[in-house]
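The values are calculated or read from the model by the stated rules, or taken from the named source; none is laboratory data. Note that the structure is a prediction, hence the values are computed from the model and not measured. All Cβ positions, even for glycine, are placed from backbone atoms using ideal geometry, and neighbour counts span all protein chains on display. The area values use the complete protein model at the heavy-atom level, side chains included, leaving out ligands, DNA and RNA. Shrake-Rupley method; radii C 1.70, N 1.55, O 1.52, S 1.80 Å.
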Amino acid sequence: MDDAVRAVMDRVADAAARHDATQEDRLNRWRVLEPDAGRFLWFLTQAVGARNIVEIGTSRGVSTLWLADAARATGGRVASFDTDPAAQADAAASLAEAGLAGYVDLRLEDGGAGLAGLGDGEVDMLFLDAERTEYPSWWPHPVRVLRAGGVLVADNALSHPGEIAPLEALLRRDLTAVTTIPVGKGELVARRP
């Protein structure tokens, strides 16, 4: 990761910390990905050689920057879905500033609808970081869209275990390799065999 990308990430993370400290309602917070979780996602994306990367929940684009930098290394692209136009505009500006805009398609669309529109087995890496309680209603698309050997990562597995539990149960029912990695707020990771 180069200094330009790191500087943009740091600026957005600092702005998010200041913003979130003033917001009592979590839905009004920017909720950006923690640096250790970002490094994990960046490494894992490259380790599986992910070229078709999907992110559900752009927020202000910190996770998108991590994924885009990994996509630059793998020759891939990121499709990032979010329903908040202001958040996506901020993410677009950050991606441009970091020189990574060419690796990301920002889509102003509901994540469940976005997943439903993807083809079977076309996704190498799927990152879920949206409203956790919605994930089960998207079933079977989170697994259907993964290629053999494709990886799903869901954020907040340790910070909100009750909200992640229904997704984890579905993943454990349909996949064999499912675990939680204790970085950031906890990353639930599953691999399609």
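Overview of results
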| read-out | value |
| --- | --- |
| Kirkwood Rh in Å, taken over all unlike Cα pairs in the range 93-193 | 14.3 Å |
| Among Asn52, Pro161, Pro193 - extreme Cα towards positive end, dipole of the chain, charges at beta-carbon | Pro193 |
| Whole-angstrom Cα spans of the range 1-45 along principal axes, big to small | 33, 21, 11 |
| Cα-centre dipole for the range 59-193 with unit charges at Cβ (Lys and Arg positive, Asp and Glu negative), debye to 20 | 500 debye |
| Within the accessible area of the chain (1.4 Å probe), percent carbon and sulfur | 53 percent |
| FRET efficiency, 1/(1 + (r/R0)^6) with R0 25 Å, evaluated for Thr133 and Ala21 via beta carbons | 0.50 |
| Derived scalar couplings ³J(HN,Hα) [the range 82-87; Karplus, 6.51 cos²θ - 1.76 cosθ + 1.60; whole Hz; x for Gly, Pro] | 7, 9, 9, x, 5, 5 |
| The range 135-193: Cα Rg divided by the 2.2 N^0.38 Å rule of thumb | 1.03 |
| Histogram of C-alpha separations across the range 15-110, 5 Å bin width, % | 3, 15, 24, 25, 19, 9, 4, 1, 0 |
| Rounded to whole Hz, the Karplus (6.51, -1.76, 1.60) HN-Hα couplings of the range 108-123, x for glycine and proline | 7, 7, 4, x, x, 5, x, 5, 4, x, 8, x, 4, x, 9, 9 |
| Whole-number D in µm² s⁻¹ for the chain, Kirkwood Cα-pair radius fed into Stokes-Einstein, 10 °C, 1.306 mPa s | 97 µm²/s |
